[in-house]
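*Asks:* Starting off with a structure, shown below.
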Amino acid sequence: MLGGVLRLVAGIEGNCYSEGYPRRLTGVFMKPAHLEIEKEPNSSSELAINRLEGKLELETVHDFIANMRAESANHLVLDMSGVSFLDSAGVGALVSLFVSRRNAGKKLALASLTQQGKAVIQVCGLQKLLPLYSTVEQAIAAKA
């Protein structure tokens, strides 16, 4: 059985060649990562609130960064309550976004992180770098 698992994981570009025929890793074993970004309707040029839903990980960071760097509001609050998984690539994307916004004279705040998200931020030692708030309302009140 272990040999079958190793053969299944050894595929290239998501394809697996087990038992002589190709299989996709995204079927039974792995679900594709998904991240939705929803901008709150009451956002303005001064303050934008975006709710994230899904996984902020290696598969989703490219689109996340592209979408968030295009945000022109002076203060950006990310509602992280819907982020079910955050990995080191996701943390790297958050730091990159924070630095690029700071260099442009803009602000970023993270609100409502899940327990897993808080743990990853803490393990990385970034709780003092990134502005973290328990709720979106607190982040808005502090204006990052």
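Any read-out appearing in this document is the output of simple, stated calculations on the displayed coordinates, not a laboratory observation. This one's a predicted model, so the numbers in the text were calculated from it and none came from an experiment. Ideal geometry is used to build each Cβ from the backbone, glycine not excepted, and the neighbour counts take in all protein chains shown.
*Asks:* Spin-label point model (7 Å from Cα, Cβ direction): what's the residue 85 to residue 115 distance in nm?
*Replies:* So the two model labels end up 1.8 nm from each other.
*Asks:* Assign one of three labels to region 69-120, namely rounded, prolate or oblate, based on the Cα gyration tensor with a ≥ b ≥ c the square roots of its eigenvalues; rounded applies when a/c is under 1.5, prolate when it is not and a/b is larger than b/c, and oblate otherwise.
*Replies:* Prolate, since a/c reaches 1.5 and a/b exceeds b/c.
*Asks:* Kindly write out, for region 67-83 in residue order, the coupling ³J(HN,Hα) from the Karplus curve 6.51 cos²θ - 1.76 cosθ + 1.60 (θ = phi - 60°), rounded to whole Hz, with x marking Gly and Pro.
*Replies:* With the stated coefficients, region 67-83 comes to 5, 6, 5, 7, 6, 9, 4, 5, 10, 10, 10, 9, 7, 8, 4, x, 7 Hz.
*Asks:* Too long at a 23 Å Cα-Cα cut-off: which of 31/128; 55/143; 39/106; 55/118?
*Replies:* Exceeds cut-off: 31/128; 55/143.
*Asks:* Within the set of other residues whose C-beta is less than 10 Å from the C-beta of residue 71, count the net charge using Lys and Arg as +1 and Asp and Glu as -1.
*Replies:* Around residue 71, the surrounding residues sum to +4.
*Asks:* So how much slack lies between residue 66 and residue 37, counting 0.36 nm per residue of separation and subtracting their Cα-Cα distance, in nm?
*Replies:* Here the segment from residue 66 to residue 37 would lengthen by 9.3 nm.
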